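A quick write-up on the structure given underneath.
Only the coordinates and a few stated rules stand behind these numbers; no lab work does. Note that the structure is predicted; figures quoted are calculated from it, not measured. As a convention, Cβ positions derive from the backbone with ideal geometry for all residues, glycine included, and neighbour counts pool all protein chains shown.
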Amino acid sequence: MSLKKWFGATTALVLASSLMLAGCGGNSENGGKEENSPSNSNSATSAPKETVTLKAYFPGDKPAGFDDVLQAVNDKLKADNVGAALNINFLPWSDYGNALSVKMSAGEEFDMYLDAPWLSMNQMIASNSLKELDAMVAERPELKASIPSEMWEYNKFDGKIMGIPLGTTQGQLYGMLIRKDLREKYGLPELKTLDDLEKFLYAVKENEKDVKPFVINGIKADKLPFILSESANQALDEVLEIGVNMFAYSTKDKKVVGQWASPMIADAYERVTKYYKDGILSKNIAQEQNAETLFKQGKYAATYYSTDGVEGLKYSEMLQDGSDKLEVFVPNGDQAKPYTAFQQWNFLCFPTSSKNADLAMDVANWLSIKENHDLMEYGIEGKDWEPVGESSYKILSSYTFPGYVLTWRPTLTRTADTMMADDKKWFDFSTNPANFTLSPTSGFNFNAEKVKTEYAKITPLHDSIFLPLSQGVLPADQGKMMLEEKMASLGGQKVIDEIQAQIDAVISGK
Amino acid sequence: MQYQLNARRGSKLKHIIRNPFLYAMAVPGLLFFLVFSYFPIYGIMIAFKDYNYAKGITGSDWVGFRNFNYFFTSDDFWVILRNTLTLNVLFIVFTTAAAVLIALMFNEIRNVYFKRISQSFIFLPYFMSWIVVGMIVQSLFGGEEPMINAWLQNVGLEPVNWMFESKLWPYILTVIRVWQGAGYLSIIFLAAITGITEDLYEAARIDGASKLQIVLRITLPLLVPTIMIMTLLAVGKIFNGDFAMIYAIIGDNSLLYPTTDVIDTFVFRSMRQLHDFGMSSAVGLFQSVMGLVFVIAANWVTRRVSKESALF
């Protein structure tokens with residue numbers, strides 16, 4: 001084919017396609033409207049309500065035995081005359097964010113889904129894709145009561161509730177999970193300070209042939225400096241976690257600073273550098289992805305721990321042999337009162353395109369009643385679980401519902417009876433708002449819209465320099481210098497200024 | 001030849017009427033490209049818009065070339081561009097060379113069963129998910145005691161700190177790529193070789209040509225058009241880093257970024273927090289346009305050298 005003909009054919013194809021496309025667009029709009037009108041008239045009718053099926057999207061794999069539980073949930077919804085049934089779809093984590101964005105922009109109708117500031121929530125709010133929930137929450141007492149007032153208050157976006165905050169703990173303490181048997185083997189007392197920890201890690205390094213000191217997944221290592229600092233878990237000069245990677249807020253001079261430049265955890269970066277050099281941190285840390293498995297296999301003496309109610313549970317199977325070989329070390333544990341923004345990381349959101357928002361909120365309210373909550377989150381009583389007291393339960397089947405997508409309510413949470421005592425202690429500690437200090441930046445959620453070019457440019461620095469610095473792979477002085485230079489050359493200051501401006505606005509608005 | 005004569009003699013319509021089945025066979029392929037390649041073209045405008053889910057594609061505001069800013073002014077722009085091109089050139093050259101060699105060798109195998117079995121085996125890696133390949137690579141080169149190092153030490157060589165040596169990775173990736181892709185390409189070449197008329201070989205044998213001479217003087221020259229077409233198609237994607245491959249193998253290991261970070265992985269990391277359709281579309285458009293430029297240029301060069309081998 002000659003070039004001319006080739007172009008001719010291409011043009012013809014493009015023309016034809018654009019014509020057909022125009023046709024498609026028109027059709028789908030009409031189709032959408034027709035579909036919705038019946039459901040509107042349905043919801044107006046009174047008891048016994050007709051059932052409207054609500055479509056939900058959540059990330060992850062469908063839990064084993066989910067169909068049976070969902071059937072039971074829908075039966076109970078019907079029996080309680082809520083007027084709704086749930087159609088829950090799980091999308092693989094790997095493309096959940098993208099799939100949701102595409103569904104939203106394609107105008108697909110669904111009634112609830114999981115979103116978060118670390119997914120696409122800020123963009124969705126900016127584009128008016130999410131329903132405001134303030135009025136609807138106020139009308140639903142069970143839902144309102146099941147979540148502490150701090151959680152409602154400090155998880156607003158521009159002063160409005162844009163999603164139901166899902167969480168159990170009110171803030172996080174960081175620490176390490178330690179092999180108690182090894183500590184006792186070397187006659188060391190219970191770990192209280194970072195020096196105690198250091199002694200333990202070096203003792204393992206010097207004496208054990210098959211057990212190495214410490215393992216953490218490479219990508220998690222940005223939390224290491226929070227653990228290995230004398231200031232750990234306290235509310236001192238800096239708020240380290242403000243919801244924007246790599247940055248912190250200094251309460252002393254009211255300035256946004258880089259975490260790497262923070263004087264408060266400078267000691268931690270020195271420690272990390274030293275530990276990496278001395279082989280306390282594995283040479284493999286930059287690409288480590290199997291920390292959990294390796295620790296379970298007994299190849300390491302310590303691993304990362306945080307009080308989120310998930311981290312500790314991962315290892316409860318290690319105690320199935322009846323031993324108590326694990327313990328939790330939380331630096332400054334006895335005086336811990338860390339900053340928290342009472343911020344949650346997951347939100348149940350309701351798209352504006354849904355015609356059934358009120359009904360979907362009714363379901364959320366219904367799920368805030370203990371027996372309904374338990375049915376969805378733990379499964380069918382007697383078959384999947386049985387209660388152990390008020391706040392614990394025994395697992396009978398392999399049903400594990402990801403509560404963080406729908407059902408997590410701090411006041412209703414039960415912990416598995418397999419949870420190790422130390423873990424339960426710290427988990428219970430963290431569910432109580434009174435154990436935390438309100439962060440001065442609470443209520444701040446970064447909206448990068450104004451500086452998105454610069455933000456996109458500095459985001460890769462997290463993986464390429466900030467992580468290696470936190471892993472000890474880049475020595476502290478060198479890593480900090482590189483970050484300063486790169487931040488300066490990529491317009492990081494503009495991002496910092498924007499964060500500063502938004503935090504100032506939040507603080508002055510209080 | 002027949003086609004050209006027909007085309008010159010009568011109208012296109014006549015040609016279609018005369019060969020209805022030939023054209024009918026092309027319909028599924030045309031439909032595929034129409035639906036998956038030509039329809040979505042209108043989405044290009046996202047690259048020039050401040051794309052907003054609620055306003056939709058046509059309703060979003062135009063922002064000119066603002067979406068292109070971030071990528072072109074990124075610090076690592078040249079490094080990433082260089083990596084993308086270097087890796088792809090390495091991939092194209094070595095995969096093609098290996099595939100031609102494999103195809104020529106297959107062509108010499110006379111035992112049908114051995115030929116079929118070995119074809120299947122060499123084709124197999126093509127169907128392997130990059131995630132699986134990534135895990136294999138991880139166990140060979142990763143961990144505290146990489147398997148490769150154990151082998152090296154067994155034969156008395158010094159162990160290598162693979163995950164720290166970014167210089168080695170373009171070569172490692174090339175080897176993996178050849179292992180994965182050469183088999184597939186060789187089957188295409190083998191099909192082309194099979195299409196070469198037997199008369200030529202017979203004539204050569206009568207004239208007393210050796211096996212090597214036959215390969216060099218007949219098989220290889222007649223294979224060149226196919227090689228050129230496959231290469232031109234690959235050149236069209238020269239600005240597209242193979243995200244699935246690179247990300248599955250390199251992952252988040254920042255120590256290897258200096259030589260393995262390609263446009264696609266870089267954009268992925270930049271957009272992890274932002275999820276900005278406009279900026280990612282801008283980069284995609286840049287890759288496509290550069291790919292088009294390269295294809296036209298490569299085709300122009302090909303035409304100069306040998307007219308029959310060119311795509312258009």
Roughly speaking, what is the centre-to-centre gap between segment A:124-142 and segment A:466-510 when only Cα atoms are used, to the nearest Å?
33 Å
Just need the relative contact order of chain B here, percent rounded to a whole number, with Cα pairs under 8 Å and 6+ apart.
27 percent
Can you give the helix-only mean residue ellipticity at 222 nm for chain A, where every DSSP H stretch with n ≥ 4 adds -39500 (n - 2.57) and the sum goes over all residues, rounded to the nearest 500 deg cm²/dmol?
-12500 deg cm²/dmol
Which residue, B:Ala248, B:Ala99, B:Ala150, has the most motion in a Gaussian network model of chain B that connects Cα atoms within less than 10 Å?
B:Ala150
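At a 10 angstrom cut-off on C-beta neighbours, averaged per residue, how do the peptides A:409-415, A:334-340 rank from highest to lowest? Walk me through the numbers on the way to the answer.
Details: A:409-415: 20.3, A:334-340: 17.6.
The densest-packed peptide leads the list: A:409-415, A:334-340.
Dividing the convex hull volume of the Cα atoms of segment B:89-189 by its residue count, what figure in Å³ per residue is obtained?
Given the Cα convex hull of segment B:89-189, per-residue volume reads 128 Å³.
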Against the 2.2 N^0.38 Å scaling, with N counting residues, where does chain A land? I'd like the Cα-based Rg ratio to two decimal places.
1.09
Cβ-Cβ cut-off under 9 Å around A:Leu412, Lys and Arg +1, Asp and Glu -1: the net charge is +1
Three-way shape call for segment A:290-331 based on the alpha-carbon gyration tensor, with the a/c threshold at 1.5
rounded
Scan around A:Leu474 for amide H atoms under 5 Å from its own, H built in the peptide plane at 1.01 Å from N, and keep only partners 5 or more places away or cross-chain.
A:Leu469
Would you give the gap between the C-alpha center of segment B:237-277 and the C-alpha center of segment A:70-96, rounded to a whole Å?
37 Å
Rounded to the nearest 10 degrees, the helix A:266-277 long axis (Cα) sits at an angle to the longest Cα principal axis of chain A of 80 degrees
For a footprinting-style exposure proxy, rank A:Thr169, A:Thr273 by other Cβ within 10 Å, fewest first.
A:Thr273, A:Thr169
Using the Karplus curve 6.51 cos²θ - 1.76 cosθ + 1.60 with θ = phi - 60°, what ³J(HN,Hα) values do you get for each residue of segment A:284-297, in whole Hz, with x for Gly and Pro?
8, 4, 4, 10, 5, 10, 10, 3, 4, 4, 5, 5, 4, 6
³J(HN,Hα) across segment B:286-296 via Karplus (A = 6.51, B = -1.76, C = 1.60, θ = phi - 60°), whole Hz, x for Gly/Pro?
4, 4, 5, 4, 5, x, 4, 4, 5, 5, 5
Calculate the length of the line joining the C-alpha centroid of segment A:388-446 to that of segment A:156-195, in whole Å.
12 Å
Once normalised by the length of chain A, the mean sequence separation of its alpha carbon contacts under 8 Å that are 6 or more apart gives a contact order in percent of 22 percent
Spelling it out for A:Lys212: with amide H atoms placed in the peptide plane at 1.01 Å from N, the residues 5 or more places away or on another chain with amide H under 5 Å from its amide H are A:Tyr300, A:Ala301
Restricting attention to the alpha-carbon atoms of segment B:242-312, what are Rg (one decimal) and Dmax (integer), both in Å?
16.7, 49
Along the three principal axes, how long is segment B:65-309 when you take its alpha carbons, biggest first, rounded to the nearest angstrom?
68, 53, 27
Relative contact order for segment A:203-273: what percent, with Cα pairs under 8 Å and sequence separation of 6 or more?
27 percent
Using the count of nearby Cβ atoms within 10 Å as a rough guide to exposure, how do A:Arg179, B:Arg272, B:Arg205 rank from fewest to most?
B:Arg205, B:Arg272, A:Arg179
Could you work out the mean count of beta carbons from other protein chains within 10 Å of each residue's beta carbon in B:249-256?
6
Residue-wise, which Karplus ³J(HN,Hα) couplings in Hz belong to segment A:125-140, taking 6.51 cos²θ - 1.76 cosθ + 1.60, θ = phi - 60°, and x for glycine or proline?
5, 4, 9, 6, 8, 10, 6, 7, 10, 3, 5, 5, 5, 4, 7, 10
Ranked B:Lys12, A:Lys220, criterion: other C-beta atoms within 10 Å, fewest first:
B:Lys12, A:Lys220
Residues whose modelled amide H sits under 5 Å from the amide H of B:Val63, counting only those 5 or more places away in sequence or on another chain, are B:Lys49, B:Asp50
